[in-house]
Amino acid sequence: MKAEKVDYYLTVTPTKSDPGSKDFKLANQGNRNPDNYLKDDGKLDFTGASKKCFKIHFTLLEGETYGLRFLPSVKDAIWIATDGSCPTEKPLKQPDEFEQGELSADRTILSIVNKNKTKKSYGYALRFEREGSTVPKLFDPVVISGGGGN
């Protein structure tokens, strides 16, 4: 039986003009999400969604980004570690539990499909750049995964 795929929409907002890895916040994007997997502590927790896989859309809202955009390629815009820690280096390959992501032409929306079948913590690093800067900005949200599909 094929698992239900759910689109989950989040906004990513830097809280400072020169953000560090903890200087971002996640929020539900309007009323678009069928369930609230974003918890009050800021963690994204999918452990109660055992029959679903998720296409997670991370969106930078115009006017609230301090000029940040996702890095130009999906492989550079999101790094995923299988041990639950925030990746600090580009992985050799994307984990098999994730489909190739998508990046909007203006680099304000990054989407990735998480299709894992068992409870597992993954480390995410969302990576951004500002025009004129050569130093990427990093956000490492806490994502507890437990959904899945086939």
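Please treat every number below as a calculation from the coordinates, not as lab data. These numbers come from a predicted model, not from an experiment. Positions of Cβ are backbone-derived with ideal geometry, glycine not excepted, and every protein chain shown enters the neighbour counts.
Fewest-first ordering of E131, E97 by other beta carbons within 10 Å of each residue's beta carbon gives E131, E97. Take the Cβ atoms of D106 and K75, set R0 to 25 Å, and the FRET efficiency comes out at 0.85. A full extension of the chain between T47 and C86 corresponds to an added length of 12.1 nm, given 0.36 nm per residue minus the alpha carbon distance. Would you compute, from DSSP H runs of 4+ residues alone, the mean residue ellipticity of the chain at 222 nm, taking -39500 (n - 2.57) per run and dividing by the full residue count, rounded to the nearest 500? Value at 222 nm, helices only, nearest 500: -500 deg cm²/dmol.
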